[in-house]
1. When the stretch 154-206 is examined, which residues are found to be among the hydroxyl-bearing types (Ser, Thr, Tyr), open to solvent by 20 Å² or more (accessible area, probe 1.4 Å) and farther than 21 Å from Gly116 by Cα?
2. Out of all the residues in the stretch 353-374, which are out of contact with any strand residue (DSSP E or B) (no Cβ under 6 Å at 6 or more places or on another chain), under 30 Å from Gly295 (Cβ atoms) and either in a loop (DSSP other than H, G, I, E, B) or touching a residue at least 24 places away in the same chain (Cβ under 8 Å) (or both)?
3. Select from the stretch 85-109 the residues that are among the polar types (S, T, N, Q) and closer than 21 Å to Arg159 by Cβ and write down the one among them that is most open to solvent (accessible area, probe 1.4 Å).
4. Scanning the stretch 466-480 for residues that are assigned to a helix (DSSP H, G or I) and open to solvent by less than 20 Å² (accessible area, probe 1.4 Å), which turns out nearest to Ala371 (Cα to Cα)?
5. Take the stretch 444-482 and flag every residue that is charged (D, E, K, R) and in contact with a helix residue (DSSP H, G or I) (Cβ under 8 Å, 6 or more places away or on another chain).
6. Among the strands (runs of 3 or more DSSP E) contained in the stretch 514-572, which hold 2 or more residues that are touching a helix residue (DSSP H, G or I) at 6+ places or on another chain (Cβ under 9 Å)?
7. Can you pull out every residue in the stretch 358-409 that is open to solvent by 30 Å² or more (accessible area, probe 1.4 Å) and small (Gly, Ala, Ser)?
8. Could you please tell me which pairs satisfy a Cβ distance under 8 Å, a separation of 6+ or placement on different chains, a first residue in the stretch 192-215 that is without any contact (Cβ under 8 Å) to a residue 40 or more places away in the chain, and a second residue that is open to solvent by less than 20 Å² (accessible area, probe 1.4 Å) and hydroxyl-bearing (Ser, Thr, Tyr)?
Amino acid sequence: MLHSAPGAVCHSALGELRTGTQLDPLWRALREEASRGAGGTQPLWSAFHRYEATGDRAPYEKPYFARRGRLNALAAVALADRRPNAVADLADMLWSVCDEHTWAVPAHASLAAHVGRGIEQCLDLFACETGHALAEISALLRDELPGPVTRRVREQVRRRVLAPFLGAGRPWPWESYTNNWSAVCAGSIGMAALALLDDGPELDEVLERCVRATDVFLSGLGTDGGCAEGIDYWAYGFGYFTYFAEALRERTGRDLLREHPVAARAAAFPAHVALGDGTFVTFSDATPAPSLPTGLITRLRDRLGAPPPSGLTVPAFGADRCHRWAHLSRTLAWTDAGVLGNSAPDGTAWLPDLGWIVDHRTAGGITVSFAAKGGHNDESHNHLDLGHFILGAGGEQLLTDLGAGVYDAGYFGPDRYTAYPHPSAQGHSVPVVDGRCQRPGPDARAAVLHQSAGAEGAELGLDLSAAYEGRGVRRYFAWSVGGSLTLTDTFEGASAVDELFISPLAPRLGAGQAVWEGAAATATLRFEASSWQAEVERLDIRDHFGTGQTVHRLRLRSTGTPVTTAVFRFTLTPRRSGTR
């Protein structure tokens, strides 16, 4: 059983580090990483400064997160084995992390100025996560670690995290963010305090503020529990809320998971947005096959009855490229094999606050899936994507959402929707009306005209006019069991329309049709040949992790005027094994 410091949170809530067939590959990777000891490259000033000059986050963040991965591996192995050499390597790593000038990353350095603090006391996501990791690891191993190391860790967490949180004089900006920031930062700080502080006024003050911030996070989920930021940020934000909630419950008896009605609905979000075969809807800044923390999924099943999503596997070491101790430790402590490798029944999920509909069916021996979205164009991690949709088969998106692009300074700047294809309207399967794309803003909102679902399929009707400066634009989806979709767009007073369709595959064009040949199925689009001129545009882009990829945009230009109605019929046809 894991140890806890006197007066600190009892880590029986974290539990024993488990072993077993499902965790063996992760443990092997952790032991291999830990065998390298406490060495590694310190993040350099020149790399920090390079972000200021170029906006490129990678030169600083790559060694920074590699060090967090080494720290996590050393801590996990030391906790599991309690061998003196493993503890000694961990002690060196803890000391080395305390040597870093700041635990924040350069992209977030400006936060400190808001509360009159220096960069060494900047409370961004990663500084808070580091504070939690160091505080909890040192508490769990306080009987084995050298006293000077434990004392230095405690002093540094107090100076860099707890002091700027309590002593800033005014709230940190993220305390009012209705997105992942409030949950991650507050959850990390709360868990660090629970690991380090005895009962008393100081701990009470920290916990009170952290609970308020997590309340703000939950208020951003809506009554349907949906996360507009996408599945990856659900795991991040709701994950840290859950980890903090369970630590708080263990220490105080207060149960935030039961206290907030939206928590149970939010816990079911992964199952709602699963497309089958371990893939998920990629709306917003998401990735198609995220490695969801299986400890988190297990705990939400056990505490709230949340259904595990289909195709779940234990995350590999490094699947979380930021190497978050909270994810790893709870995966090792909480994962139950019963959440792994399940299949989900056919059906439709409708999230009314988000305006998302997600449906997956079994056809021809494979999973076929459809998803579409409404919402508004001022969401956290927003894309200009009202009325956008996904068609998938066998875990592959044939008509796709590009998800998250490379995070550099410009990606979150004023050129987000013009210089970056991932969040732009031109990077989504939506119409361009009289040369105008969708516009950003909270009032650019899709109104739901109709929604239904049943055994035979699902339907969704959206009024997109507000996103097109009042031009009348309505979009209707009719999805049928077996994998057919009819898409109908209507326009009021439109002289010219471009209809865009995004795919990782190059379509084969024919008279009045386009065909995308995937690994498991073929998607065929049929349209009125005399009404549209087809053109395929190649886009060479980089995915979220900087890897180059090619996607293809089918552009159908209207040939008549005015344009009033456009009907497009898609059919997904399973491929015979071995054909392409």
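The values are calculated or read from the model by the stated rules, or taken from the named source; none is laboratory data. Treat the numbers as computed from the prediction; the structure is a model and nothing was measured. Here Cβ is always computed from backbone atoms with ideal geometry, including for glycine, and neighbour counts include all displayed protein chains. These area figures cover heavy atoms from the full protein model, side chains too; ligands, DNA and RNA do not enter into them. Shrake-Rupley method; radii C 1.70, N 1.55, O 1.52, S 1.80 Å.
1. Restricting attention to the stretch 154-206, the residues satisfying the condition of being among the hydroxyl-bearing types (Ser, Thr, Tyr) are 176-178, 182, 188.
Filter once more, so that each one left must be open to solvent by 20 Å² or more (accessible area, probe 1.4 Å): 176-178.
Thr178 - this is the single residue of the stretch 154-206 that is among the hydroxyl-bearing types (Ser, Thr, Tyr), open to solvent by 20 Å² or more (accessible area, probe 1.4 Å) and farther than 21 Å from Gly116 by Cα.
2. Matches in the stretch 353-374: Asp353, Leu354.
3. Going through the stretch 85-109, the residues among the polar types (S, T, N, Q) turn out to be 85, 96, 102.
Right, trim to closer than 21 Å to Arg159 by Cβ and you get 96, 102.
Working: Ser96: 21, Thr102: 6 Å².
Among those that are among the polar types (S, T, N, Q) and closer than 21 Å to Arg159 by Cβ, it is Ser96.
4. Initial filter on the stretch 466-480 (assigned to a helix (DSSP H, G or I)): 466-468.
If we keep only those that are open to solvent by less than 20 Å² (accessible area, probe 1.4 Å) too, we end up with 467-468.
Numbers: Ala467: 20, Tyr468: 22 Å.
Out of the qualifying residues, it is Ala467.
5. Kept after step one, since they are charged (D, E, K, R), are these residues of the stretch 444-482: 445, 456, 459, 463, 469, 471, 474-475.
Result: Arg445, Arg471, Arg474.
6. On the way: elements: 521-526, 532-542, 548-558.
Those strands (runs of 3 or more DSSP E) span 532-542, 548-558.
7. Gly364, Gly365, Ser380, Gly394, Gly395, Ala409
8. Ala213/Ser182
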